[in-house]
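> Please find one structure pasted underneath; my questions will follow.
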Amino acid sequence: EKIKSCTICYNITETDPCVICANPRRDHHVICVVEEANDVMAIEKTGQYRGLYHVLGGVLNPLEGITPESLRIKELTARINDSLSEIILAINPDVQGDTTVLYLTEVLKSRKIKVRFGFSKIEECWGVLISSIVFSMEVVELLFLISQSLFQCLLAAKSLSLYPKPKDWGQAWRLPHA
């Protein structure tokens, strides 16, 4: 009965607002958008991210009837104000996750805010990867997660945008020489 949803970020909590949203030491200029509350816990275990969160409550999946109206997208856009400088889309890199990222990118395009996919610091990528490995149960999912996470780490290390121009693709796959 004590467990409820935070009215700001929609994470599960015993208090409202949750301890993350109420913490003045957190970076209130950055919001990390995740699918579910367990994603918040996984990222928090890394100890690398100090911003706020927004739990969407799933990802777009028209075949299962999950539309933008089914998710907390309007609530996310309502949180955008002048003090917010960045939104990180930390959505799982599968078909539904990529669809959700594309939709959110389009929705947020008109706002004057930086939107990133994944984390920019290589340490954050590895921290999320290690936490994901610890919580992962199936080998196939684990291998997919590792491959996708490594790709995201490479993108972060190369500081590429979400949609690089075709001429940049060749450079995206080259690692710096030692």
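> Probe radius 1.4 Å, ligands and nucleic acids left out: which of 59, 95 has the largest accessible area, and how do the rest follow?
The ranking, largest first, comes out as 95, 59.
> Taking amide H atoms as placed 1.01 Å from N in the peptide plane, list the residues 5 or more away in sequence, or in a different chain, whose amide H sits under 5 Å from that of residue 92.
So residue 92 has HN proximity to 35.
> Ordering 105, 15 from largest to smallest accessible area (1.4 angstrom probe), what's the sequence?
15, 105
> Can you give me the distance in nm between label points at residue 77 and residue 107, each placed 7 Å from the Cα along the Cα-to-Cβ direction?
0.7
> Accessible surface of residue 5 in the full protein assembly, 1.4 angstrom probe, to the nearest 10 Å²?
Residue 5 has an accessible surface of roughly 50 Å² with all protein chains in place.
> Using 0.36 nm per residue of separation minus the Cα-Cα distance, give me the extension gain between residue 86 and residue 2 in nm, one decimal.
27.0 nm
> Karplus couplings for the range 21-30 from phi (6.51 cos²θ - 1.76 cosθ + 1.60, θ = phi - 60°), rounded to Hz, Gly and Pro as x?
Going residue by residue, I get 5, 7, 7, x, 7, 6, 7, 7, 9, 10 Hz, with x marking Gly and Pro.
> Give 74/112; 45/74; 74/109 a once-over and call out the pairs whose C-alpha atoms are over 20 Å from each other.
Details: 74/112 17 Å; 45/74 28 Å; 74/109 14 Å.
Those over the limit are 45/74.
> So which trypsin sites (Lys or Arg not before Pro) in the range 69-114 end up in coil per DSSP with only 12 or fewer other C-beta atoms within 10 Å?
Taking the range 69-114 and a limit of 12 other Cβ atoms within 10 Å, the loop trypsin sites (Lys or Arg not before Pro) found are 109, 111, 112.
The values are calculated or read from the model by the stated rules, or taken from the named source; none is laboratory data. Small disclaimer: the values here were computed from a predicted structure and weren't measured. Using ideal geometry, Cβ is built from the backbone for each residue, glycine included, and neighbour counts are taken over all protein chains shown. Side chains are part of the model used for accessible areas, which takes the heavy atoms of the whole protein and leaves out ligands, DNA and RNA. Shrake-Rupley method; radii C 1.70, N 1.55, O 1.52, S 1.80 Å.
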